[in-house]
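The values are calculated or read from the model by the stated rules, or taken from the named source; none is laboratory data. The model shown is predicted, which means the values in this text are computed figures rather than measured ones. Please note: Cβ atoms are built from the backbone with ideal geometry, for glycine as well, and neighbour counts cover all protein chains shown. Surface areas here come from the heavy atoms of the whole protein model, side chains and all, with no ligands, DNA or RNA. Shrake-Rupley method; radii C 1.70, N 1.55, O 1.52, S 1.80 Å.
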Amino acid sequence: MLQEPPSGVDFGLQLGRGADYTTVQKQRSRGQDLHFEFSVTVMAANNKAAPDFRGPVVQGPAGRRFVYIDIGTCAGQIDTPWSRRLKIPLIGITPEIIERARVDAPTVLEARVPGTGRDGGPACATVKPFDGWKTAL
C-alpha cells in the first residue's frame, strides 16, 4: 500500500527491466492510499536458504530483490514535473511466512510504504525506513 501520495501524480507498477519496461496498474493519486497487486515465484525457501523471488515485476540481484513503482513521467504521465521511481524491497519475507502461505493458501502479503517524500513530492529511491512485509488481514 502506498500511503497518501501527493495528488495529481500517476503511479504504476513496473513490468520489465532497464529501458524495456511497461508500467501497469497505473493510478492517478487523489491523496488517498494506492494499492498494487502482483505475484512472485519463490525459487528457494527452506530453513537453510533465504527465499529468492522471480517474476516480471521483480528487479535486482538475488538477496536484494525489489519492485519498482514508477512515478510521473516514468509512469507515462505527460503533464507533470515528477520523474521518479520508488524501490520497494522484497526483504523480510521469511521461509516461515512462505511455508505458512503454502499451507494456508492463498496468502496475501502487504507492505505499507509512505507515498510522500520529505520534499513534499512523491517518495522516491529505496523506501527507508521499511517496515517489511506482513500477512494482510
The lone condition K87 fails out of (1) out of contact with any Phe, Trp or Tyr (no Cβ under 8 Å at 6 or more places or on another chain); (2) open to solvent by 50 Å² or more (accessible area, probe 1.4 Å); (3) among the basic types (K, R) is (1)
Flagged pairs (Cβ under 7 angstrom, 6 or more apart or on separate chains; first in the range 124-137, in contact (Cβ under 8 Å) with a residue 12 or more places away in the chain; second basic (K, R)) are C124/R84; C124/R85; A125/K87; T126/K87; V127/K87; D131/R112
Picked from the range 25-60 (must be more than 22 Å from T107 (Cβ to Cβ) and in a strand (DSSP E or B)), the residue modelled with the lowest pLDDT is Q59
